[in-house]
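Some notes on the structure that comes next.
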Amino acid sequence: MPRPERSPSPLPLEQAAIIETHISTLFFVGDRVFKLHKPVRFGFLDFREREERRADCEREVMLNRRLAPDVYLGVADVVLDGLPLDHMVVMKRLPEGCRLSAIASRGEELTGWLLALAEALVSFHQSAARSPEISHAATVEALREDWEANFIETDRFVGTVLDDSDEVEIRVTDDLAECTLADVAGGPLGHAVTWPAHVAGSARVLRSRNSSMLAAPISRPNPDCL
């Protein structure tokens, strides 16, 4: 895995930030983001060993470069006295103002963005690997199994780390998500295993939902955010 180049012109230090997830810590410094995996173990991963964290960093870069080759720059080593202590995914820092939520909050037209996203995903899935295992992973049943496994892991934190109200809210959201997935699975776009068809169908719906959309010019994404 090639090592990323040093950032040529870092942004002011005051723009630095740290964001944590349950498995990683992300450091936003200058025009770079450094993602450090935590030495944790969950049902779906085991990052307790440094070599496992390194291997996952390299897999993440390899997989995500398929859709964002200019964002995923490589894997960097955390070194002390010449000895590797850990490893980080190095990414290009994207402008906050180019987030979809930021664009929507400014009231800008989103159709061009959504069409570009749908077209990119359709193209990606058309050439993606296929197998019965991959297809099964997109079914409502498989997603339900994953969600239930998450609830089993978090049950012991309800009443301490998680409030009871948080648990109820998460489960309500979970039920709504399952209803939506079941709708898609039984709808006109076919069974849930055909996710590429859903994406393609979404692109078609965006284009043909009403005649006024077809007649109106489609604004393409701002090139400054590409």
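Here, each number is a calculation from the coordinates, and none is a lab measurement. Because the structure is predicted, anything quoted here is derived from the model rather than measured.
When the Kirkwood hydrodynamic radius is evaluated over all pairs of different C-alpha atoms of the range 13-92, what value in angstrom, to one decimal, is obtained? The partial results should precede the final answer.
Details: mean 1/r = 0.0756 Å⁻¹.
Kirkwood hydrodynamic radius for the range 13-92: 13.2 Å.
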Multiplying the sequence separation of PHE44 and LYS92 by 0.36 nm and subtracting their Cα-Cα distance, what value in nm do you get? 14.6 nm
Using the Karplus equation 6.51 cos²θ - 1.76 cosθ + 1.60 (θ = phi - 60°), what ³J(HN,Hα) coupling, rounded to whole Hz, does each residue of the range 17-23 give in order, writing x for Gly and Pro? 8, 10, 10, 10, 10, 5, 10
